[in-house]
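Working notes, structure below.
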Amino acid sequence: DIDSKYIPKLLDPLNTLSTTTTTVAGGYSIIDKDLQQMSNNIIDLLTNGFNGRGEYGRAKATHPYLASIATYYFQLKGKRIRPTLIMLMSRALSPNGCLTSDSILLAQVYEMMHTASLVHDDVLDEATTRRDMKSINMAYSNKLAILCGDYLLARSSGLMTTLKNPEVHELFATVLAELVEGEIMQIKSTGLSFDNYLRKTYLKTATLITNACRSSALLCGCDRATVDIATEFGSNIGMALQIVDDLLDFTSSPEELGKDVLVDLSLGLATAPVLYAAEEYPELEEMVNRRFSATGDVVLANELVLKSNGLVRTRGLAIEYCNKAIQCLLHLPSSESRDLLITLAQTMATRNK
Ligand code: FPP
Ligand code: MG
C-alpha cells in the first residue's frame, strides 16, 4: 500500500521532544504564485473595488483613509495558513490537480474574513501588536478597528456572492456566527471544563478551517464522502492550530510570533496548559474560577504551568489532532498536494511560530 510509508511518520504524542520545533506554511512552491495572486487580489479589491475576477465591484473605498486601514495587514505577508490549506486541498481534490479561479477566490474570502476577526479580536483583547506591526486598535483606534473589521467582512461577503454557490455561501455565514459564539463562550467561560475548552476552540478557530476545507471540496465537485473527509481534516487541523497557539502563548516570544505573548492568563483564560496543570496543582482551580483576577494570580499560575507537565501534554494533544488530520488525508488519492498537506499537518504540531 503506497500510503503505508506515512504511517511511521505519525508523531508520537508522548515522545515528541518539545525541542522539535518547526515553522509552518511558506515554501510550498506549487502554490507560491497563487498565494501572491490572492494577496494582490485582496489589495486590489480593497483599494480599487476590483473583485478577484478582474470585474469592477459595485462600490470602492472612496475615502483614502478607509483603503489604507483596510489594507494595513495585507502589506506584509502573514503565514497565510488558511489560504495555503484551501489551495492545497483544492489541488488535491480537483480532477486535474489544478487550481481553479474559484478556489483562489475562496482562499481570498476566508483570508479576509479571518483578518477581520483578528482586527476585532485585538480590540477585545486590547492587543498591541499583530503580524509584526502595531495592531490596528493601537495604530489607529478601537473605533476605527471595529469599522475596519466590518469593512473587510463586507468586502469578503460581497466577493463570496461571485462564487454563486448557496451551499458554500451558507457555510461562510455559519462560520461567522460560530466565531461570534466562540468569542462569547470565551468571554463568559469559568471553571475547569476540558469539554468547554474544546468546544470553544472549535468555535473560535476550527470552524473556519473546517468549513473552508468543506467549501473547497464542494467547489471541486467532490462526492459527499470526499466532502466529509475534507471537512474532518479541516476540523482536526483547525483544533491543532489553536491548541498550539494556546501553548505558544506560554512558550514563545513576540519576535517569533509577531504578536503579544503571555496574554491569556491576564485575559482570564484557562487554556489547555492551565487545565492540565490544574490536575497536578489543584490550587489553580480557585484562580481559574476568579479568572486570575487577584493580585499575584497571573504570576503564580504561570509558574505552576511552567513546572507542570501541562505544556508537554498540550503539545501531545495537538499532535493527536494532527495525526487524525493525516489519517483523513490518507483516504484521498495520492498526489503532490495531498502529500504537502501531510507535511503541513506534521509541521503544524511541532511549530514554534
Ligand atoms: C484569535 O484568538 C481570535 C479568533 C480566532 C476569533 C475572533 C472572532 C471574533 C472577534 C468574532 C467576530 C468575527 C468577525 C469575522 C468580525 P486569540 O486571541 O486566542 O489569538 P491571538 O493570540 O492571535 O490574538
Ligand atoms: Mg487575541
For this session: Determine the shape class of the chain: with a ≥ b ≥ c the square roots of the Cα gyration tensor eigenvalues, call it rounded for a/c under 1.5, and otherwise prolate if a/b is greater than b/c, oblate otherwise.
Result: oblate
Exercise. Where the centre of each part is set by its Cα atoms, how far does the stretch 235-307 sit from the stretch 151-221, in angstrom?
Worked result: 24
For this session: Before rounding to the nearest 500, sum -39500 (n - 2.57) across all DSSP H runs of length at least 4 in the chain and divide by the residue total; then give [θ] at 222 nm in deg cm²/dmol.
Result: -20500 deg cm²/dmol
Seminar exercise, completed: For Phe50, other-chain or 5+-apart residues with amide H closer than 5 Å (H placed, Pro excluded) are Leu45, Gly57
Seminar exercise, completed: Taking every other residue with Cβ under 10 Å from the Cβ of Pro273 and scoring Lys and Arg +1, Asp and Glu -1, one gets -1
Seminar exercise, completed: About its Cα centre, the chain carries a charge dipole, from +1 on Lys and Arg Cβ atoms and -1 on Asp and Glu Cβ atoms, whose size in debye to the nearest 20 is 940
Seminar exercise, completed: Excluding residues fewer than 8 positions from Lys164 in its own chain, the aspartates and glutamates with Cα under 12 Å of it are Asp102
For this session: Please identify the helices of the chain, taking whole runs of DSSP H, that span at least 30 Å along their own axis as judged from the Cα atoms and have a mean Kyte-Doolittle score of 0.0 or higher.
Result: 101-124, 166-188, 224-251
Seminar exercise, completed: For the chain, whose charge dipole is built from +1 on Lys and Arg Cβ atoms and -1 on Asp and Glu Cβ atoms, the candidate among Ser101, Val274, Val312 with its Cα farthest towards the positive end is Ser101
Problem set entry | Furthest towards positive pole of dipole, Tyr197, Phe292, Val119, structure part the chain, Cβ charges | Val119
Problem set entry | Entries in Lys33/Lys134; Lys79/Lys259; Lys79/Lys353; Lys77/Lys200; Lys259/Lys324; Lys77/Lys259 that, when Cα-Cα distance is taken, lie over 18 Å | Lys33/Lys134; Lys77/Lys200; Lys259/Lys324
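Bear in mind that the values in this text are calculations on the coordinates, not laboratory data. The structure displayed is predicted, hence computed values, not measured ones. Don't worry about glycine lacking a Cβ; one is built from the backbone with ideal geometry, like all the others, and counts go over all protein chains shown.
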